[in-house]
Amino acid sequence: MTNFDYQTPTRLIFGKDVVNGLADVLRPLGTRVLLTYGGGSIKRMGLYDKVKELLRDFDVTELSGIEPNPKYSTSVLDGVRLCKEHDIQVILAVGGGSVLDCSKAIAAGAKYDGEPWDLITYKVPTKAALPIVDIMTLAATGSEYDCGGVISRTETNDKVGYMDPHLYPVASFLDPTYTFTVGAKHTAAGVADAINHVCEQYFALPGNDVIDGFCESLIRTLMKWTPVALKKPDDYEARAEIMFACTFGCNGILSLGMGESGWPMHMIEHALSAYYDITHGQGLAIIMPHWMRYVLCEKTLPRFVKFGVNVMGISPELPDMKIAEKAIDGVSQFFGSLGMPMTLREVGIDDSRLQEMAHHVAVNEGLDNPAIFFPLRENDILAILKAAL
Ligand code: NZQ
Ligand code: ZN
């Protein structure tokens, strides 16, 4: 087991109607609030009106229209400007991971006099950020419980992960009923994202029994309840189990005592969504089985066997390689059963820029680090992308 030093300061407030406590959580943080949200889903489900009513005694400035795969040059810079103009004290993000990620970058940019991109790319250390509270409406990223966000810069095809301890939300309100309106596409994509977060940490050497068991339980939970939520979108237990599981995907718990993984599937997918603006979880569902097949070898086999037996329910009596292959096929079939695209072509990606994307990932993401589970060079990344076409 590797050493660790772990702290998560975020307060999770989970369950039906918990949002009623919003004003009490916000008040100690300030009265001048920047309310951030996306393209309108919170208005359609009535949450916007509810939040405005709860904040009737606050001075609220709004930033709307935050895009999926949030963009630096529009949303982040607009938000920073609004914070400075209105002397904002706290940010309330209401929406999915994109809204929250964008709000984290805004929170740091608001406390910095220079170009916020310097913070996002770690050219300059983040020394402070406005406090962030969120109401999550989509179970997926785990952004509600982690200190990171992912920001896209279209001009340069960059999609950059930005993590800093100042970016942990102070509190996250998680009411599963606000995810009832998430359609089949984003329900499935969110689950694929969360399963992938778990796998990015599970497929590491060494593992340990505490975290392995936690990971296995999270994936089994997501696989069990997602078909239920797709069939009956307002099934509270299903949405609650999914939301709870997604929350733990990304905040570091699943890496405690584990070896390095390098998050290869995410690094490859971030290039796909930077170049083609596709939905993150769909890109992951396409890449994941191909990454798994590519890295399966004598060294990695025991992890795939453990996954196959404990997550996919495959008989331990079978030969190890058979268990691993069946497990990977099972992952692929599961995503297919959710109606997800299974090839790059289905999401509008052809072979014209695969080499460029493989090069971009190889140069920027450090996946050839020999310490990680299965180091990947440019030609390996290209082979995975080609297999996914
Ligand atoms: O914009 P609105 O109108 O709100 O619609 C959104 C959006 O179109 C909609 N939606 C959200 N809640 C809804 C809803 N529709 C109906 N009912 C609701 N309750 O769903 C669409 C997608 O939203 P988005 O926020 O983009 O999805 P998600 O939460 O999956 O976030 C994706 C972003 O997070 C990044 C991804 O790369 C991507 O940019 N990630 C962030 C991570 C983190 N912070 O730790 C880790 C992840 O690996 C990931 O990279
Ligand atoms: Zn992800």
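Key figures for this structure:
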quantity: The lone exception for HIS270 - which of (1) outside any helix (DSSP H, G or I); (2) touching a strand residue (DSSP E or B) at 6+ places or on another chain (Cβ under 8 Å) it fails; calculated: (1)
quantity: Of all residues making up segment 98-134, the number that are among the hydrophobic types (A, V, I, L, M, F, W, C), surrounded by 22 or more Cβ atoms within 10 Å (Cβ to Cβ) and in a helix (DSSP H, G or I); calculated: 9
quantity: Whichever residue in segment 20-37 is crowded, with 19+ Cβ neighbours inside 10 Å and closer than 18 Å to CYS83 by Cβ and, among such residues, is nearest to ligand 1 (Cβ to nearest atom); calculated: TYR37
quantity: Candidates ILE323, ILE278, ILE286 - the one that is out of contact with any Lys or Arg (no Cβ under 8 Å at 6 or more places or on another chain), within 14 Å of ligand 1 (Cβ to nearest atom) and open to solvent by less than 40 Å² (accessible area, probe 1.4 Å); calculated: ILE278
quantity: One residue from ILE132, ILE219 being aliphatic (A, V, I, L, M), within 14 Å of ligand 1 (Cβ to nearest atom) and touching a helix residue (DSSP H, G or I) at 6+ places or on another chain (Cβ under 9 Å); calculated: ILE132
quantity: Subset of segment 268-320 [touching a residue at least 24 places away in the same chain (Cβ under 8 Å) and of a type in the set (Val, Ile, Thr)]; calculated: ILE268, ILE278, THR279, ILE286, ILE287, VAL295, THR300, VAL311
quantity: Single residue of HIS186, HIS197, HIS166 found to be of a type outside the set (Lys, Arg) and away from ligand 2 (no atom under 14 Å from the Cβ); calculated: HIS166
quantity: Residue count for segment 174-214, restricted to those that are within 17 Å of the chain's Cα centre (by Cα) and assigned to a helix (DSSP H, G or I); calculated: 19
quantity: Number of the condition not met by ILE42 [criteria: (1) within 22 Å of the chain's Cα centre (by Cα); (2) more than 15 Å from ligand 1 (Cβ to nearest atom); (3) of a type in the set (A, V, I, L, M, F, W, C); (4) more than 30 Å from VAL210 (Cα to Cα)]; calculated: (2)
quantity: Residue list for segment 53-82, restricted to those being away from ligand 1 (no atom under 16 Å from the Cβ), of a type outside the set (S, T, N, Q) and under 28 Å from GLY21 (Cβ atoms); calculated: GLU53, LEU54, LEU55, ARG56, ASP57, PHE58, ASP59, VAL60, LEU82
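Listed here are the residues, each with its yes/no results for (1) within 10 Å of ligand 1 (Cβ to nearest atom); (2) open to solvent by 10 Å² or more (accessible area, probe 1.4 Å); (3) at pLDDT below 95; (4) touching a strand residue (DSSP E or B) at 6+ places or on another chain (Cβ under 6 Å).
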| site | (1), (2), (3), (4) |
| --- | --- |
| ASP158 | no, yes, yes, no |
| LEU167 | yes, no, no, no |
| GLY183 | yes, yes, no, no |
| ASN196 | yes, no, no, no |
| GLU200 | yes, no, no, no |
| LEU230 | no, yes, no, no |
| PRO233 | yes, yes, no, no |
| ALA238 | no, no, no, no |
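The values are calculated or read from the model by the stated rules, or taken from the named source; none is laboratory data. It should be emphasised that the depicted structure is a prediction, and the values quoted were computed from it without experimental measurement. Backbone-built Cβ (ideal geometry, glycine too); neighbour counts: all protein chains shown. When the accessible area is computed, the model is the full protein with side chains, heavy atoms only, and any ligands, DNA or RNA have been set aside. Shrake-Rupley method; radii C 1.70, N 1.55, O 1.52, S 1.80 Å.
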